[in-house]
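The structure appears below as structure tokens.
The values are calculated or read from the model by the stated rules, or taken from the named source; none is laboratory data. Remember, predicted model here, so these are calculated numbers, not experimental data. Virtual Cβ from ideal backbone geometry, glycine too; neighbours counted across all protein chains shown. All accessible areas refer to the heavy atoms of the entire protein, side chains included, with ligands and DNA or RNA removed. Shrake-Rupley method; radii C 1.70, N 1.55, O 1.52, S 1.80 Å.
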Amino acid sequence: MTKQPKDRPASPTKGEERELIPKRYQHAAAIGILLLSLLVFFNEIIFSGKTFLAEDNIASHSFDTLLKDAEAQGIFPLWNPYIFCGMPAYGSLTLGGERLFDISGQILAYTASVFRLANSDVGWVLFYYLLLGVGTYLFVFQKLQDKIVATLVALATIYSTYIIIWIMTGHNTKIAVIAFFPFIFYLVEQLLNEWKTWRWLLLILCFHFIFIPAHVQMIFYTYFALGVYGLFLLVRAIRGKQEWKALARGAGAIVLASIIAFSMDADKYLSVLEYNPYSIRGMNPIVSSTQTAETKTVEGGLDYEYATNWSFSPGEMMTFLIPSWYGFGITEYRGPLTDNRPTQLATYLGPQPFTHAPQYMGAIVLILAIIGFWRNRKEPFVQFSGILIVVSLLIAFGKEFPLVYDLMYRYVPMFNKFRVPSMILVLVQIFVPILAGYGVKSFLVQRGQATSPAASKTWKYILGGLAAVAFVSLAVPSVIKGIWGSFFGLEALSPKFGNQPPAVMNELHSFISNLVVTDVLVVSLLLLVAFGAIYLYLKKSIRLQTFAVILVLAVVADLWRVSSQPMETHPQQQLDRLFTPPDYVNFLKQDTTAYRVLEFINGEPPYNNTLAYWRIQSAYGYQGAKMRWYQDMVDVAGLQNPLVWSLMNVKYIIKNQPDSLAPLLLVYNGAQMRVYHNTAHLPRAYFVNRYEVASGKEILEKIAAMAFDPRDVAFMVDDPKHPIDPPQADARVISARYGIQDLELRVNATGNNLLVLSETYFPVGWKAFIDGTPTDIHRVNYLFRGVIIPPGEHTLTMKFEPTGFYLGKNISLAVNILVLGAIGFFAARQFRKQPDTGQPLS
């Protein structure tokens with residue numbers, strides 16, 4: 001009896017290649033590669049218990065205590081009393097509580113929290129990087145039907161320098177938005193090709209998920225890209241006299257999906273809409289920063305100069321090929337300036353105030369993208385990608401080349417509320433790798449076509465040129481230094497490094513020029529490897545698997561080399577030490593009265609919220625969307641002004657330098673910081689004799705000139721038209737309780753007395769009651785609150801109860817139930833449709 005042969009895969013015929021990974025496992029293997037790459041790249045974070053200590057990382061931890069206090073009291077933190085004399089917390093997107101009513105959002109959060117096991121501090125962010133890679137892989141595979149190309153593009157997207165450093169700089173909400181960008185484009189394209197209700201429901205969820213992190217600028221760029229794509233398809237349809245109704249239906253579906261998704265986050269965005277008109281992003285400054293800003297700033301937008309500070313100059317496109325051409329950003333220096341000790345040094349030389357790293361997408365990826373665009377220039381999606389890249393670049397130039405930016409700033413809704421024009425380059429960092437995928441695909445279908453004499457000659461010239469550049473960089477680096485030095489002489493360093501001694505400037509110039517030489521050498525060698533592999537593959541000298549491994553490793557090496565330079569990890573214990581109360585904080589905690597502090601480091605208030613962690617309220621802080629009236633106070637009157645200190649209830653000044661000026665009295669001399677008592681400070685609430693009416697600018701000018709006694713007179717912008725009596729000796733605040741977003745004062749008034757509170761005036765949500773009866777809150781001294789108290793002993797209470805939040809959370813819960821119910825219904829119906837074949841479903 002002969003044995004029957006077992007079924008086995010057929011051997012590859014001549015000319016075919018055996019697949020390294022069986023087809024059924026290839027998608028899983030691609031995702032595994034993405035995950036493994038993240039584990040390797042962030043190995044110190046995942047396996048060594050380290051973390052990042054960027055300002056934004058620290059700032060987010062500063063409010064941990066506030067969140068814990070709010071949770072313990074059973075309230076959702078809508079107000080933040082610890083910075084800027086108080087400001088909206090949720091409406092400004094500074095922080096928020098547990099949104100248990102957002103069921104789908106909770107599911108996403110729990111999924112991301114699995115990655116906290118790797119690192120409790122930033123591990124969850126890695127989930128979104130993996131999600132971005134998976135979405136990019138899915139989208140590119142749908143487009144090009146090639147798993148190798150899709151994997152390469154996904155890796156190139158994740159490790160594009162601008163994207164991967166978000167986790168290092170604490171800009172975690174950016175990646176939490178962009179992670180869903182490729183899924184959105186994937187679903188939109190699927191819906192344009194064939195309507196499926198379940199796909200539309202998934203699109204709603206994706207829009208909802210990009211709304212949750214609330215990085216409005218990144219959300220805007222997502223819709224901007226969709227808008228450009230829709231306009232491109234519409235123009236193409238009209239020019240080709242094609243059916244455009246499907247596009248209209250698709251656009252309507254996207255709009256409706258967005259409205260539903262917005263409703264799932266209604267609590268958040270109704271709060272934002274309430275706050276925005278009073279923030280620096282929604283109200284113009286009372287004085288413009290420059291003459292240019294005065295002429296270009298539009299009503300209801302950011303000050304033009306502030307909005308365009310981080311403009312990407314056209315010359316910086318050189319960093320797409322040579323990342324250190326403009327000095328790089330944050331990189332490690334080891335030399336005579338630090339006694340050969342490694343130090344993170346800011347070496348950026350461009351027009352932006354600073355940057356952590358260049359906008360580097362990989363030289364290999366960039367050149368493959370150019371090839372991919374040219375070879376596939378008749379493909380509609382390739383045309384759209386090229387248009388979007390060019391438009392994004394023109395917008396990113398901002399004030400450096402304002403041709404397109406100024407049109408956007410002036411006429412496109414919402415755009416004038418954003419700063420950092422260079423942020424739109426995230427679209428370039430996404431679509432350049434996609435075009436590179438088209439470039440790789442074009443080579444894959446040309447196998448065997450590089451054997452002609454003409455083609456071989458061209459390839460030899462290309463490879464020979466790259467080899468020559470590498471040789472010059474290695475053997476005669478002075479040539480590269482001379483070329484770079486002709487663009488960046490010693491004078492180019494002065495704006496960034498100031499008036500340093502000549503020896504220091506020469507050392508810095510030499511250090512940066514060496515970075516440029518290294519970049520040219522490494523880039524040319526990696527290009528030689530990558531395009532040498534392409535040439536050998538086209539000649540059939542190497543197999544597909546070998547070619548794929550070489551190309552992927554070259555691309556990853558190119559990106560990792562650059563993207564890892566700004567990575568500065570620290571032991572978790574160092575973060576913990578930052579929140580160990582220093583000696584001067586322990587001193588301040590002994591004072592149990594209501595007061596605020598101002599901190600000065602080398603004469604300037606630091607962008608720092610750390611004091612909030614110890615429940616110490618500051619008159620300053622760190623927030624990108626502070627209240628406009630507060631910023632006006634700083635711009636006109638300044639934070640070095642003793643009258644400003646008094647009005648803000650600043651009882652203590654914290655300094656790292658000695659100060660003997662009145663009204664400051666040294667009360668604590670610590671190891672690093674000194675604490676001064678402001679002897680002229682005013683209590684949190686006090687009565688005044690009278691009020692006068694003046695314009696906002698006049699009030700600020702009086703404060704700047706310290707031209708009035710705040711105990712005597714308070715200035716109002718709007719006349720309450722109510723007689724005020726000077727307080728007598730018995731008028732006083734008997735007792736006070738200050739909560740997170742409420743307060744209660746027991747007061748005694750001797751007439752119709754005006755009580756001034758050094759709490760930020762915010763007209764939306766704050767309600768005042770005298771013995772339970774509603775009363776008006778008046779805006780006094782430009783920034784603060786005032787209440788007219790009738791004669792006698794009364795209880796004044798104030799509560800922050802914004803309508804937007806309480807209405808929005810009910811809407812969010814209802815729409816969540818509807819959307820998840822619809823998804824469950826379609827999933828069950830689809831399951832019932834599956835035939836019972838006894839075989840596993842494919």
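With θ set to phi - 60° and the Karplus curve 6.51 cos²θ - 1.76 cosθ + 1.60, what are the ³J(HN,Hα) couplings of region 387-397 in order, to the nearest whole Hz, using x for Gly and Pro?
Along region 387-397, the couplings run 5, 5, 5, 5, 4, 4, 4, 5, 5, 4, 5 Hz.
If you average the alpha carbon positions of region 740-808 and of region 61-111, how far apart do those two centres end up, in angstrom?
Cα centroid of region 740-808 versus Cα centroid of region 61-111: 23 Å apart.
If packing is taken as the mean number of other Cβ atoms within 10 Å per residue, what is the order of 596-605, 489-498, 763-772, 778-787, highest first? Show your work: numbers first, answer last.
Working: 596-605: 17.3, 489-498: 13.1, 763-772: 15.5, 778-787: 24.1.
So the order, starting with the most tightly packed, is 778-787, 596-605, 763-772, 489-498.
Using only alpha carbon pairs under 8 Å that are at least six residues apart, calculate the relative contact order of region 508-608 and give it in whole percent.
On the way: 25 pairs, mean separation 17.4, N = 101.
Relative contact order of region 508-608: 17 percent.
Angle between the Cα long axis of helix 181-193 and the longest principal axis of the chain, 0 to 90 degrees, nearest 10?
Helix 181-193 sits roughly 60 degrees off the main axis of the chain.
Find, to one decimal place in angstroms, the Kirkwood hydrodynamic radius of region 251-315, where the mean of 1/r is taken over every pair of different Cα atoms and then inverted. List each step's numbers first, then the result.
Details: mean 1/r = 0.0697 Å⁻¹.
Hydrodynamic radius (Kirkwood, Cα only) of region 251-315 equals 14.3 Å.
Taking +1 at the Cβ of each Lys and Arg and -1 at the Cβ of each Asp and Glu, which of Phe488, Ala436, Val517 sits farthest along the dipole of region 432-522 towards its positive end, judged by Cα position relative to the Cα centre?
Ala436
Using only the Cα atoms of region 714-842, construct the convex hull and provide its projected area averaged over every direction, in square nanometres to one decimal.
13.3 nm²
Ignoring ligands, DNA and RNA, what accessible area per residue does region 557-657 give at 1.4 Å, in Å²?
Here the per-residue accessible area is 37 Å².
Work out the length of the dipole vector of the chain about its Cα centre, built from +1 on the beta-carbon of each Lys and Arg and -1 on the beta-carbon of each Asp and Glu, and round it to the nearest 20 debye. Could you put the intermediate results ahead of the total?
Values: 69 positive and 60 negative charges, 805 e Å.
Here the chain has a charge dipole of around 3860 debye.
Can you give the accessible area per residue of region 691-746, in Å², using a 1.4 Å probe? List each step's numbers first, then the result.
Values: 3150 Å² over 56 residues.
Ligands and nucleic acids excluded, the figure is 56 Å² per residue.
Placing one identical point scatterer on every Cα of region 90-198 and ignoring solvent, what is log10 I(q)/I(0) from the Debye formula at q = 0.20 Å⁻¹?
Each listed q corresponds, in turn, to -1.16.
Considering the options Ala729, Tyr607, Ile322, tell which one lies farthest towards the positive end of the dipole of the chain, charges being +1 on Lys and Arg and -1 on Asp and Glu at the Cβ, about the Cα centre.
Result: Ile322, furthest along the dipole toward the positive end.
Provide the per residue accessible area, probe 1.4 Å, for region 431-489, rounded to a whole number of square angstrom. Mind showing how you got there, number by number?
Numbers: 2880 Å² over 59 residues.
Heavy-atom accessible area per residue stands at 49 Å².
Grab the other residues whose beta carbon is less than 12 angstrom from that of Ile654, score K and R as +1, D and E as -1, and report the net.
That sum, taken over residues with Cβ under 12 Å, equals +1.
As a check on your grasp of the helix formula, calculate [θ] at 222 nm for the chain: sum -39500 (n - 2.57) over DSSP H runs of n ≥ 4, divide by the residue count, round to the nearest 500.
-15500 deg cm²/dmol
Taking θ as phi - 60°, what are the ³J(HN,Hα) couplings along region 45-55 by the Karplus curve (6.51, -1.76, 1.60), each to the nearest whole Hz, with x for Gly and Pro?
Each residue's phi maps through the Karplus curve to give 6, 7, 9, 10, x, 9, 8, 9, 10, 5, 3 Hz.
Can you give the angle from 0 to 90° between the axis of helix 544-563 and the longest principal axis of the chain, with both taken from C-alpha atoms, to the nearest 10?
Compared with the principal axis, the helix lies near 30 degrees.
Going down the list Lys68/Lys767; Lys399/Lys626; Lys296/Lys496; Lys626/Lys651; Lys296/Lys399; Lys23/Lys147, which pairs span over 18 Å between their C-alpha atoms? Please report the intermediate quantities before stating the final value.
On the way: Lys68/Lys767 25 Å; Lys399/Lys626 23 Å; Lys296/Lys496 27 Å; Lys626/Lys651 22 Å; Lys296/Lys399 11 Å; Lys23/Lys147 10 Å.
Over 18 Å Cα-Cα: Lys68/Lys767; Lys399/Lys626; Lys296/Lys496; Lys626/Lys651.
What value in Å³ per residue do you get for the convex hull of the alpha-carbon atoms in region 407-511?
On the way: hull volume 22.5 nm³, N = 105.
Hull volume over Cα atoms, normalised by residue count, gives 214 Å³.
Mean separation of Cα pairs under 8 Å and 6+ residues apart, divided by the residue count of region 672-820: what relative contact order is that in percent?
Values: 268 pairs, mean separation 34.7, N = 149.
The normalised contact order for region 672-820 reaches 23 percent.
Could you please state, rounded to a whole Å, how far the C-alpha centre of region 329-362 is from the C-alpha centre of region 488-548?
15 Å
Under 5 Å between amide H atoms, partner at least 5 residues away or on a different chain: which partners does Gly300 have, H built in plane at 1.01 Å?
Asn284
For region 714-760, compute the orientation-averaged projected area of the C-alpha convex hull (one quarter of its surface), in nm².
Mean projected area of the Cα convex hull: 4.2 nm².
Heavy atoms only, probe 1.4 Å: what % of the accessible area of the chain goes to carbon and sulfur, would you let me know?
Here it works out to 59 percent.
Using amide H atoms built in the peptide plane, which far-off residues or other-chain residues are under 5 Å from Val693 H to H?
Distant-sequence amide H within range of Val693: Met716.
Among 47-54, 228-235, 326-333, how do they line up from the highest to the lowest mean number of other beta-carbon atoms within 10 Å?
Working: 47-54: 17.8, 228-235: 16.2, 326-333: 22.4.
Ranking the peptides 47-54, 228-235, 326-333 by packing returns 326-333, 47-54, 228-235.
If one takes the longest principal axis of the Cα atoms in the chain, at what angle in degrees, from 0 to 90 and to the nearest 10, does the Cα axis of helix 197-211 lie?
For helix 197-211, the angle is close to 50 degrees.
Can you give me the convex hull volume of the Cα atoms of region 47-103, divided per residue and expressed in Å³?
Measuring per residue, one finds 124 Å³ for the Cα hull of region 47-103.
Kirkwood Rh over alpha-carbon pairs of region 203-268, then Stokes-Einstein at 37 °C and 0.692 mPa s: what D in µm² s⁻¹, rounded to an integer? Don't jump to the answer; show the numbers that get you there.
Numbers: Rh = 12.9 Å.
Diffusion coefficient, whole number: 255 µm²/s.
Peptides 684-690, 700-706: what's the order by average Cβ count within 10 Å, highest mean first?
Going by the mean number of other Cβ atoms within 10 Å, highest first, we get 684-690, 700-706.
So what's the Cα pair-distance distribution over the chain, bin width 10 Å, in %?
2, 11, 19, 23, 19, 13, 8, 4, 1, 0, 0, 0
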